[in-house]
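Participant: Handing you a structure now.
The values are calculated or read from the model by the stated rules, or taken from the named source; none is laboratory data. Every value quoted in this text rests on a predicted model; they were computed, and no experiment measured them. Here the Cβ positions follow ideal geometry from the backbone for every residue, glycine too, while neighbour counts run over all protein chains shown. Remember, those area values only see protein heavy atoms, side chains included, never the ligands or the DNA or RNA. Shrake-Rupley method; radii C 1.70, N 1.55, O 1.52, S 1.80 Å.
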Amino acid sequence: KEASCAVRKDAGDDPDVTDGILVYACVRLSDKPGICIEGGEGVGRVTLPGLDQPVGSAAINRVPRRMIEEAVRSALLAGGLPPNALVTISIPGGEDLAKKTFNPRLGIVGGLSVLGTSGIVEPMSEKALTETIRAELSVRRAAGEATAVAVPGHYGERFLQSFPSLQHIRAVQCSNFVGEAVDLAAELGFSGLLLVGHIGKLAAGIFNTHSKYGDARMEILTAHAAAAGASRELSAALLQCPTTDAALALLKEAGLTQAVVAALLKAMDRHI
């Protein structure tokens with residue numbers, strides 16, 4: 001005997017490609033004791049160590065597994081049935097959607113992950129993004145890597161790929177959450193962290209680089225340039241630059257690039 005039902009995911013304000021998908025649960029009564037939870041169509045499989053579930057398992061994390069088991073056990077007992085069942089979770093279309101997520105980088109193949117702590121989506125769940133960083137760093141650490149490599153986005157990845165000796169490195173994308181990436185690298189036992197990104201905000205101790213938390217790139221550059229001997233005119237021109245690349249070009253013309261970049265790196269090191 002079995003029963004199947006589905007729920008449509010409402011991601012709320014969360015930037016989630018899985019918004020609106022149907023997640024199915026099929027419960028089949030079993031002669032084996034206990035409740036076994038498996039992944040069906042559209043649910044990924046773990047292929048690398050370091051994630052919440054062991055290699056070979058369906059990518060359904062322990063908290064959702066516990067919630068599913070408790071709900072099924074309660075329903076069976078309420079119906080006068082022994083709590084013995086096979087529960088299969090499936091997500092039609094999940095395999096294609098997974099290609100738009102971090103799953104391929106994490107070694108989760110064939111579909112999506114079932115994650116979460118409550119089943120309730122919180123608006124703009126930044127925690128979900130930082131947990132993705134944690135998961136990817138955990139995979140690297142479990143693989144024996146001692147130094148973590150983090151990039152805010154594709155710019156850093158392309159920069160790494162421009163060096164033949166670095167093309168083998170698989171960096172973790174940390175988006176705006178640079179501070180969290182630093183903290184997680186330390187927590188997970190990495191001995192070092194290489195951060196590869198565009199010149200920007202860390203010299204002022206801005207560890208969430210989203211512009212809504214502050215954008216003082218030109219002010220930072222100008223302050224360090226002035227301390228390195230930039231004229232009043234050059235300082236005014238730096239403040240008007242639309243990009244840091246444009247500011248660096250002015251510093252190069254003035255022969256101040258090396259001094260300013262050295263000062264920026266020293267400030268970044270101090271804040272980190």
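Participant: In whole Å, what three semi-axes, largest first, describe the equivalent ellipsoid of the range 63-158 built from its Cα gyration tensor (square root of 5 times each eigenvalue)?
Facilitator: Over the Cα atoms of the range 63-158, the semi-axes work out to 34, 15, 14 Å.
Participant: Using only the Cα atoms of the chain, construct the convex hull and provide its projected area averaged over every direction, in square nanometres to one decimal.
Facilitator: For the chain, the mean projected area of the Cα convex hull comes to 17.3 nm².
Participant: List, in order, the whole-Hz ³J(HN,Hα) value for each residue of the range 100-116 obtained from phi through the Karplus relation with A = 6.51, B = -1.76, C = 1.60 and θ = phi - 60°; use x for Gly and Pro.
Facilitator: Result, ordered by residue: 9, 10, 7, 3, x, 6, 8, x, 9, 10, x, x, 8, 9, 9, 10, x Hz.
Participant: Right, something else. Probe radius 1.4 Å, ligands and nucleic acids left out: which of M268, M218, M67 has the largest accessible area, and how do the rest follow?
Facilitator: In descending accessible area the options line up as M67, M268, M218.
Participant: How far is helix 244-253 tilted, in degrees, relative to the longest principal axis of the Cα atoms in the chain, given as a value from 0 to 90 rounded to the nearest 10?
Facilitator: 30 degrees
Participant: Same structure, new question: Output ³J(HN,Hα) for the range 199-204: one whole-Hz value per residue in order, computed from phi by the Karplus curve 6.51 cos²θ - 1.76 cosθ + 1.60 with θ = phi - 60°, and x for Gly and Pro.
Facilitator: Residue by residue, the range 199-204 yields 4, x, 10, 5, 5, 9 Hz.
Participant: Continuing with the same structure: Put a dot 7 Å past each Cα toward the Cβ at E70 and A3; how far apart are the dots in nm?
Facilitator: Spacing of the two 7 Å Cα→Cβ label points: 2.0 nm.
Participant: Go ahead and run the numbers for FRET between E126 and A186, Cβ-Cβ distance against an R0 of 25 Å, rounding to 0.05.
Facilitator: 0.80
Participant: Out of every Cα pair in the range 1-132, what percent are spaced more than 21 Å from each other?
Facilitator: 42 percent
Participant: Antiparallel DSSP bridges in the chain: what percent, to the nearest 5?
Facilitator: Of the beta bridges lying entirely in the chain, close to 55 percent run antiparallel.
Participant: What accessible area per residue comes out for the range 1-133, rounded to a whole number of Å², with a 1.4 Å probe?
Facilitator: 58 Å²
Participant: Extending each Cα 7 Å along its Cβ direction at A146 and R45, get the distance between those two points in nm, one decimal.
Facilitator: Label at A146, label at R45, 3.5 nm between them.
Participant: Specify the inter-centroid distance of the range 199-259 and the range 138-162, based on alpha-carbon positions, in whole Å.
Facilitator: Their Cα centres are 26 Å away from one another.
Participant: Any chance you could run the full-extension gain for S57 through L29? It's 0.36 nm times the residue separation minus the Cα-Cα distance, nm to one decimal.
Facilitator: 8.0 nm
Participant: Could you tell me how many degrees, from 0 to 90 and to the nearest 10, lie between the Cα long axis of helix 62-78 and the main elongation axis, the longest principal axis, of the Cα atoms of the chain?
Facilitator: Helix 62-78 sits at roughly 20 degrees to that axis.
Participant: Hey, any idea what % of the chain's accessible area is carbon plus sulfur with a 1.4 Å probe?
Facilitator: Carbon and sulfur: 56 percent of the exposed surface of the chain.
Participant: Restricting attention to the alpha-carbon atoms of the range 172-228, what are Rg (one decimal) and Dmax (integer), both in Å?
Facilitator: 13.0, 39
Participant: Over 26 Å, how big is the tail of the calculated P(r) for the range 138-272, in percent of all Cα pairs?
Facilitator: 29 percent
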